[in-house]
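Pasting in a structure now, in structure tokens, and then I'll have a few things to ask.
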Amino acid sequence: MIIVYGIPNCDTVKKSRAWFDAQGVAYQFHDFKKQGVPAPALDSWVAALGWEALVNKKGTTWRTLDAAVQAGVVDAASAKALMLAQPSVIKRPVVAGPDGKITAGHSPQVWAAWGL
């Protein structure tokens, strides 16, 4: 089962969910706002993609963080702590695909390569 993690009102999440719907791909949606960020899943995302790919430094949430908080994100541990505390800082959507494959952001070419 494909799991799409994100925030329902995020435009990129909406676009990605619409892509899955158009392809007829069944997926489960995990809402960060209602369900939080699952820590074990976050660990696997960081292992697969690296923390740098998951922290959205171009997003509004990152830009509104205090400079000291931003400067404190220097490794996987500090990035994970921030992502658990501020789920909106995660690049969205995170898609958990078949065989443990993971993407962050709208990635229809990658998803198509997965056979979706």
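The values are calculated or read from the model by the stated rules, or taken from the named source; none is laboratory data. Keep in mind it's a predicted model, so treat the numbers as computed, not measured. Reconstructed Cβ throughout: ideal geometry from the backbone, glycine too, with neighbour counts over all protein chains shown.
Pick out the one residue from 19, 51 that is of a type outside the set (Ser, Thr, Tyr), more than 17 Å from residue 101 (Cα to Cα) and touching a helix residue (DSSP H, G or I) at 6+ places or on another chain (Cβ under 6 Å).
Working: 51 fails: more than 17 Å from residue 101 (Cα to Cα).
On inspection, the qualifying residue turns out to be 19.
Still on this structure, please answer the following. Could you check residue 90 against (1) without any contact (Cβ under 8 Å) to a residue 24 or more places away in the chain; (2) within 15 Å of the chain's Cα centre (by Cα) and say which number it fails?
(1)
Is it fair to say residue 96 is small (Gly, Ala, Ser), under 17 Å from residue 30 (Cβ atoms) and in contact with a Lys or Arg (Cβ under 8 Å, 6 or more places away or on another chain)?
Details: small (Gly, Ala, Ser): yes; under 17 Å from residue 30 (Cβ atoms): yes; in contact with a Lys or Arg (Cβ under 8 Å, 6 or more places away or on another chain): no.
Spelling it out, it is not the case that residue 96 is small (Gly, Ala, Ser), under 17 Å from residue 30 (Cβ atoms) and in contact with a Lys or Arg (Cβ under 8 Å, 6 or more places away or on another chain).
Condition first: of a type outside the set (Asp, Glu) and under 13 Å from the mean Cα position of the chain (by Cα). Now tell me which residues in region 18-44 satisfy that. Lay out the reasoning, then the answer.
Residues of region 18-44 of a type outside the set (Asp, Glu): 18-20, 22-30, 32-42, 44.
Across region 18-44, the qualifying residues are 29, 30, 32, 33, 36, 37, 38, 39, 41, 42, 44.
Are any residues in region 28-59 charged (D, E, K, R) and over 13 Å from residue 5 (Cβ atoms), and if so, which ones? Quick ask: steps written out before the conclusion?
Quick first cut of region 28-59, residues charged (D, E, K, R) only: 31, 33-34, 43, 52, 57-58.
43, 52, 57, 58, listed by residue number.
Looking at residue 74, is it within 14 Å of the chain's Cα centre (by Cα) and either within 19 Å of residue 7 (Cβ to Cβ) or among the aliphatic types (A, V, I, L, M) (or both)?
On the way: within 14 Å of the chain's Cα centre (by Cα): no; either within 19 Å of residue 7 (Cβ to Cβ) or among the aliphatic types (A, V, I, L, M) (or both): yes.
No: the conditions fail for residue 74.
Is it fair to say residue 49 is of a type in the set (A, V, I, L, M), more than 21 Å from residue 69 (Cα to Cα) and touching a residue at least 40 places away in the same chain (Cβ under 8 Å)?
Details: of a type in the set (A, V, I, L, M): yes; more than 21 Å from residue 69 (Cα to Cα): yes; touching a residue at least 40 places away in the same chain (Cβ under 8 Å): yes.
Criteria met by residue 49.
Another question about this same structure. Of the residues 62, 19, which is in contact (Cβ under 8 Å) with a residue 24 or more places away in the chain and either of a type in the set (Lys, Arg) or under 13 Å from residue 4 (Cβ atoms) (or both)? Walk me through how you get there before you give the answer.
Numbers: 62 fails: either of a type in the set (Lys, Arg) or under 13 Å from residue 4 (Cβ atoms) (or both).
Result of the check over 62, 19: 19.
Go through (1) charged (D, E, K, R); (2) at pLDDT below 95; (3) more than 15 Å from residue 3 (Cβ to Cβ) and name the single condition residue 91 misses.
(2)
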